[in-house]
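Enquirer: There's a structure below that I have some questions on.
What follows is calculated from the coordinates using simple rules that are stated; it is not laboratory data. Owing to the predicted nature of the structure, the values given are computational and were not obtained by experimental measurement. As a convention, Cβ positions derive from the backbone with ideal geometry for all residues, glycine included, and neighbour counts pool all protein chains shown.
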Amino acid sequence: MKLHENNALGELGGAIGKGLLAGLAATAAITLSQIIEMKITKRKPSEATLKVAEETTGIKPASRSEKQKVSQEIHWSYGTVWGISRGLISLTGLKGLPATLLHFGAIWGTSMIMLPEFNAAPPIYKEDAKTIAIDGFHHAVYAVTAGIVYDALDAGGKNERKFNRLVKQLRIKGLISRFKL
């Protein structure tokens with residue numbers, strides 16, 4: 001069976017699948033980051049996720065435990081799905097740090113626009129520097145983790161194999177042996 005080099009739907013599916021796995025890992029990382037930060041700063045868990053859900057879906061959890069459960073379900077779903085954008089970024093050819101920076105900008109920028117829009121958080125210009133720094137740090141943890149996991153899952157992809165074949169051919173010809181790639 002011959003593999004098709006230009007199978008666009010296959011590449012899209014692979015990018016989405018790897019993105020979902022990267023998003024899941026990144027959601028675990030940001031959750032851990034937030035738990036540690038809340039223990040240090042004595043901050044209570046944010047209700048922003050629940051406020052957006054109530055506003056957009058009309059759900060109204062009756063008890064405190066239901067609120068926490070719904071908030072966690074949305075947090076994990078939302079974070080996992082954001083991994084898809086990391087996969088789509090990779091389809092543009094961006095990898096590594098440039099892709100991670102673009103992903104970080106997309107997720108944190110969306111947060112800064114969406115949360116105030118739904119009255120779940122004040123606009124960034126009304127936040128203090130410490131709150132902005134903590135929020136930026138958590139989103140950076142997410143983006144870096146998603147990037148590392150995505151790139152690890154994507155290692156050995158078609159483009160990397162092409163590059164490695166080129167390097168091998170150049171080594172054979174002695175053109176780059178002095179660079180010790």
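Enquirer: Roughly how far apart, in whole Å, are the Cα centres of the range 1-62 and the range 121-159?
Expert: 11 Å
Enquirer: If contacts are Cα pairs under 8 angstrom and at least 6 residues apart, what is the relative contact order of the range 45-163 in percent?
Expert: 31 percent
Enquirer: Give me the base-10 log of I(q)/I(0) for the range 1-149 at each q in 0.13 Å⁻¹, Debye formula, one uniform scatterer per Cα, rounded to two decimals.
Expert: Results for the range 1-149 at q = 0.13 Å⁻¹ read -0.64.
Enquirer: So what are the ³J(HN,Hα) numbers for the range 8-25, from phi and the Karplus equation (6.51, -1.76, 1.60; θ = phi - 60°), rounded to whole Hz, Gly and Pro as x?
Expert: So the J values, rounded to whole Hz, are 4, 5, x, 5, 4, x, x, 5, 5, x, 5, x, 4, 5, 5, x, 5, 4.
Enquirer: Mind counting lysine pairs for me in the range 15-139? Cα separation below 26 Å, and the two need to be 8 or more apart along the chain or on different chains.
Expert: 22
Enquirer: Semi-axes, largest first, in whole Å: what does sqrt of 5 times each Cα gyration tensor eigenvalue give for the range 1-78?
Expert: Each semi-axis is √(5λ); the values are 36, 18, 8 Å.
Enquirer: List the trypsin sites (Lys or Arg not before Pro) within the range 4-53 that DSSP assigns to loop and that have no more than 12 neighbouring Cβ atoms inside 10 Å.
Expert: Loop-located and lightly packed - Lys42, Arg43.
Enquirer: With only Lys, Arg, Asp and Glu charged, each at its Cβ (+1 for the first two, -1 for the last two), find how big the charge dipole of the range 1-72 is about the Cα centre; round to the nearest 20 debye.
Expert: The dipole magnitude comes to about 460 debye.
Enquirer: If you look at just the Cα atoms of the range 85-158, how large are its Rg and its Dmax in Å?
Expert: Considering the range 85-158 through its Cα atoms, Rg and Dmax are 14.3, 47 Å.
Enquirer: How long, wide and thick is the range 42-123, going by the Cα atoms along their three principal axes, in whole angstroms, largest first?
Expert: 47, 29, 24
Enquirer: Relative contact order of the range 15-86, please, whole-number percent, based on alpha carbon pairs below 8 angstrom and at least 6 residues apart.
Expert: Numbers: 56 pairs, mean separation 47.1, N = 72.
Computed value for the range 15-86: 65 percent relative contact order.
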